[in-house]
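Inspection log for the structure reproduced underneath, given as C-alpha cells.
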Number of protein chains: 4
Amino acid sequence: MDASYLIHALREFVKERDWGQFHTPSNLAKSISIESAELLESFQWTDEVDIERIKDELADVLTYCILLADKIGVDPDVIVMEKLEKSAKKYPVEKSKGNSTKYDRL
Amino acid sequence: MDASYLIHALREFVKERDWGQFHTPSNLAKSISIESAELLESFQWTDEVDIERIKDELADVLTYCILLADKIGVDPDVIVMEKLEKSAKKYPVEKSKGNSTKYDRL
Amino acid sequence: MDASYLIHALREFVKERDWGQFHTPSNLAKSISIESAELLESFQWTDEVDIERIKDELADVLTYCILLADKIGVDPDVIVMEKLEKSAKKYPVEKSKGNSTKYDRL
Amino acid sequence: MDASYLIHALREFVKERDWGQFHTPSNLAKSISIESAELLESFQWTDEVDIERIKDELADVLTYCILLADKIGVDPDVIVMEKLEKSAKKYPVEKSKGNSTKYDRL
C-alpha cells in the first residue's frame, strides 16, 4: 500500500468527525501510551499470541503514532530510518552481538 | 521512502546483532509500552513540544511496532487501514462529530 | 510505619521544593504511567527479579500514587479496600477459582 | 486503617481464587503498567477530574503495587520512605526549588 494514501485516509477520517481539536501532541502521546497498554494486556497473564487481538491493538498504537508524526510534520518511515542509523553507531555489531545486558539499557 | 526497504534494514540490524532471540511478541509488546512512556515523559510537566526529543522517542515506539508486526507476519500500513475501516463503521460521522464524550470511550 | 507519617513527609518534601505547582491530577497520572514503565523495563528482556531495581522503581510508582490520592482527598488504603470489596462481588470464588480466562478480562 | 489488615485481606482474596499462580513479579509489573494506562485514560482528552473513575483506577494500580511489594518481601510504606530519603539528597532544596527543568529529569 502507498503510505501517502494511508495518511490521507487518516486525515479525512479525523476531519469528517471534527476530532482534530482533541489531537494535541500531548493528548496523542497519552493515547499512544494508553493503546500500548491495551496491546500489553493481551500478554498480561500469558506469552501466547492472540493474533487477531494483537493486530487490532497494534493498529491503534500505530494510528496514534502516525497522527502524532503528521502533527509535528515528520514522516514515520523517515524518523525510524534516522533512528536506526543512530542506533547502528551506538551499538556496533562487534560489541553488541547477542548481548542482552548491553541491549537491556538501550 | 519505500516501506519494504525499511523493514529489510530493520531485519538486517537485528540479525547482525543476534538480537532476534530477545524479540518474542511478549517482549516486543513490553518494549512498545516502555518506549511510549519515554515519549510521554517529554510531556510529563508541560504541553510544550520538544520536537527533536519527540522524533527520537516516537521513532523508538514505531521501531518496536514494526518489529512486532513483522514477527506476527502483518504489514503495519495494512492493519492501520483495516482498523480505520472498522472505526469508520463504529463511529459514523453524524453521531461522532465533535463529540469527545463518545470518542473518550473509543 | 505510620502511614500518616509518610504522607506528611511527602507533603513536606514537595512543599520545600515548591513542586506542588507541577502536581496537577493529570500530570500525576502521566507520572504514574511513566514510572510504571520504568518498573516494567526491569522485565523487558527477562523474567528475572533484580530486587534493588524493582524496589526503587516500585517506590516511584507508589510515591506518585500517594500524591494523587492526597490531591483528590482520598486515603490509598481505603480505596484499595473498597475496590477489593467490589472485586469480591464481581469475581465470586466458585466462578473464578484458578480461572485465568475470566481473570484476563478483569 | 491498619495496613497489615489490608495486606491480609488482599492475600486472602488471591488465595481463595487460586490466582497466585498468575502473580509472577513480571506479570504484576505488566499489570501495574496496564492499570496505570487505564487511570491515564480518564485524562486522555481532558484535564478534568472524574473523581469516582480516578479512585477506581488508582485503587487497581495500588492493588498490584501492594501485591508486587508483598511478592518480593518489602513493605510499600518503607520503600517509599527510603526512596524519599534518596530523593532528598539528590534534589537539595536550594537547587531544586520551583525548578521543573531539573525535576523533569527525575
Here is a check on your reading of the model: is A:A29 outside any loop (DSSP other than H, G, I, E, B), touching a helix residue (DSSP H, G or I) at 6+ places or on another chain (Cβ under 9 Å) and within 12 Å of chain D (Cβ to nearest Cβ)?
yes
Mind counting the residues in segment C:51-62 that are surrounded by fewer than 23 Cβ atoms within 10 Å (Cβ to Cβ) and within 7 Å of another protein chain (Cβ to nearest Cβ)?
5
Which residues, counting only those in segment D:63-75, are part of a helix (DSSP H, G or I), open to solvent by less than 40 Å² (accessible area, probe 1.4 Å) and in contact (Cβ under 8 Å) with a residue 40 or more places away in the chain?
D:T63, D:I66, D:L67, D:L68
Have a look at A:F13, A:F22, A:F43 and point out the one that is open to solvent by less than 30 Å² (accessible area, probe 1.4 Å), away from chain D (no Cβ under 12 Å) and of a type in the set (F, W, Y).
A:F13
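Residue-wise test of (1) on the phi > 0 side of the Ramachandran plot; (2) in contact with a Lys or Arg (Cβ under 9 Å, 6 or more places away or on another chain); (3) modelled with pLDDT under 95.
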position: A:A3; (1), (2), (3): no, no, yes
position: A:T46; (1), (2), (3): no, no, no
position: A:D56; (1), (2), (3): no, yes, no
position: A:V61; (1), (2), (3): no, no, no
position: A:S87; (1), (2), (3): no, no, no
position: A:K97; (1), (2), (3): no, yes, yes
position: A:S100; (1), (2), (3): no, no, yes
position: A:R105; (1), (2), (3): no, no, yes
Could you check B:K95 against (1) touching a residue at least 40 places away in the same chain (Cβ under 8 Å); (2) open to solvent by 20 Å² or more (accessible area, probe 1.4 Å); (3) not hydrophobic (A, V, I, L, M, F, W, C) and say which number it fails?
(1)
So if I check each of C:L6, C:L84, which one is surrounded by fewer than 18 Cβ atoms within 10 Å (Cβ to Cβ), over 30 Å from B:T24 (Cβ atoms) and either β-branched (V, I, T) or at the interface with another protein chain (Cβ under 7 Å from one of its Cβ atoms) (or both)?
C:L84
Reported set for segment B:25-40 where residues are over 28 Å from A:S4 (Cα atoms) and open to solvent by less than 10 Å² (accessible area, probe 1.4 Å) is B:S26, B:K30, B:I34
Of D:E48, D:E52, D:E38, D:E57, the only residue that is of a type in the set (D, E), without any contact (Cβ under 8 Å) to a residue 12 or more places away in the chain and assigned to a helix (DSSP H, G or I) is D:E52
Just give me the residues in segment D:2-26 being within 19 Å of C:A88 (Cα to Cα), in a loop (DSSP other than H, G, I, E, B) and more than 17 Å from the chain's Cα centre (by Cα), in sequence order.
D:D18, D:W19
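The values are calculated or read from the model by the stated rules, or taken from the named source; none is laboratory data. Quantities reported herein were computed from a predicted structural model and do not represent experimental measurements. Glycine gets a Cβ as well: all are built from the backbone with ideal geometry, and neighbour counts include every protein chain shown. Remember, those area values only see protein heavy atoms, side chains included, never the ligands or the DNA or RNA. Shrake-Rupley method; radii C 1.70, N 1.55, O 1.52, S 1.80 Å.
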